[in-house]
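The values are calculated or read from the model by the stated rules, or taken from the named source; none is laboratory data. None of these values were measured; they are calculated from a predicted model. Neighbour counts run over all protein chains shown; Cβ positions are idealised from the backbone, glycine included. With ligands, DNA and RNA removed, areas are computed over all heavy atoms of the protein, side chains included. Shrake-Rupley method; radii C 1.70, N 1.55, O 1.52, S 1.80 Å.
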Amino acid sequence: MKKINSDMTHYRRKKAAAVLTAAFTVLLAGCSTPAKNDSLTMSGMYFDTVVQIEAWGTSEEVMEHCQELCEYYEGLLSATIETSEISRINQAGGAPVSVSRETAELIEKGIEYGDISGGLFDITIASASSLWDFTDNDRKELPDPKALEEAVSHIDYRCIRVEGTTVTLTDPGAKIDLGGIAKGYIADRLKDYLKSEGVEHALIDLGGNMLALGGRTDGSNFRIGLQEPFADTGTVMAVVSVNDRSVVTSGDYERYFEKDGIIYHHILDPNTGYPIQNDLDQVTILSDESVDGDALSTTCFALGLEDGLELIQSLDDTEAIFVTKDGEIHISSEQIPLETVR
């Protein structure tokens, strides 16, 4: 594993003057197969987040199928839809459950990242995360400590057994939540589908999980703006240029509430059930596969700056941008195409 240079590269954070991310609008009219430089978009709400896709040189039928794919994967992987495959596993009381190849594949990926993270990324976090409410900022209630302690006793991804397409939880009280990895997986599947339909240029946005298929039609890269933590939505602190790459961000400002001067956010420590407390506000991962970026952004946030950098620098074709609470940006490599915004 590579050593971390003691004088890590970093940039002072600057407030943005304008938003430089790609804009999305819903286009339902037009010819069936647009010209190469024309784009079509789709937008919808899945996994409690806005999904937006813009693709160039494709048809309305292809965009409609992208929407159907989002519905399909939400129906498999959501922990809040009672009929989903994940819910059936969680409701089975430890009995074996037959699932689709996709669900089994993603659960195995979650187990892999449980190993990589030393258990800090744990897809059986659901028993604890279900006790928190980060959607109602007026409520601001902490879980009952005894209930949270009981929930934590059932968090252990090693209790998951996957045999082919059969999934068993050896702890009947354990519950799976793929929220930390599913959006990246779905983005990858959408990209695969678009490529199979001959699309060469597209930008897929699953609630901040950005995945580029190629670059822009004029040959330039997509420019993705990174949100400044705790600033107004659309305040960009830096911009990364990407071509055929994934950009995924996790941060303590995304879903949180403040109580008695303490910020409680949605990235939980599997060992305590409480939000991770460290020196970070944000982690952004650049990777080829969005599923990896999704899991690694959470993992590196949980690890903190030093250990997170060490992990990223041990991986091939993966880079990271860390934002610490002192307002500085730290990057895993000088090769990252990053511009600070004045």
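Values for this structure:
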| item | result |
| --- | --- |
| Residue count, segment 284-342 (criterion: under 17 Å from the mean Cα position of the chain (by Cα), open to solvent by 20 Å² or more (accessible area, probe 1.4 Å) and acidic (Asp, Glu)) | 4 |
| Neighbours by Cβ (under 9 Å, 6+ apart or cross-chain): first from segment 226-244, at negative phi; second of a type in the set (Phe, Trp, Tyr) and assigned to a loop (DSSP other than H, G, I, E, B) | Gln227/Tyr253; Glu228/Tyr253; Pro229/Tyr253; Ala231/Tyr253 |
| Listing of strands (runs of 3 or more DSSP E) fully contained in segment 237-329 that carry 3 or more residues being of a type outside the set (Val, Ile, Thr) | 246-251, 256-259, 280-287, 319-324 |
| Residue count for segment 222-270, restricted to those that are under 19 Å from Ile181 (Cβ atoms) and either open to solvent by 50 Å² or more (accessible area, probe 1.4 Å) or not polar (S, T, N, Q) (or both) | 13 |
| The lone exception for Leu194 - which of (1) over 14 Å from the mean Cα position of the chain (by Cα); (2) within 21 Å of Gly110 (Cβ to Cβ) it fails | (2) |
| Odd one out for Thr83, checked against (1) open to solvent by 80 Å² or more (accessible area, probe 1.4 Å); (2) under 26 Å from Cys300 (Cα atoms); (3) hydroxyl-bearing (Ser, Thr, Tyr) | (2) |
| Residue check, Ile224 part of a strand (DSSP E or B), under 24 Å from the mean Cα position of the chain (by Cα) and farther than 27 Å from Glu85 by Cα | yes |
| Test for Ile181: is it modelled with pLDDT of 95 or more and out of contact with any strand residue (DSSP E or B) (no Cβ under 9 Å at 6 or more places or on another chain) | yes |
| Top-ranked residue of segment 150-205 - restricted to ones that are assigned to a loop (DSSP other than H, G, I, E, B) and open to solvent by less than 10 Å² (accessible area, probe 1.4 Å), ranked as farthest from Gly119 (Cα to Cα) | Val199 |
| Every residue from segment 206-221 that is in contact with a Phe, Trp or Tyr (Cβ under 7 Å, 6 or more places away or on another chain) and open to solvent by less than 30 Å² (accessible area, probe 1.4 Å) | Ala212, Gly215 |
| Residues of segment 105-148 satisfying the condition of being among the small types (Gly, Ala, Ser) and either surrounded by fewer than 18 Cβ atoms within 10 Å (Cβ to Cβ) or part of a loop (DSSP other than H, G, I, E, B) (or both) | Ser117, Gly118, Gly119, Ser130, Ala147 |
| Scan of segment 188-222 for residues that are within 19 Å of Asp292 (Cα to Cα) and acidic (Asp, Glu), ordered by number | Asp188, Asp192, Asp205 |
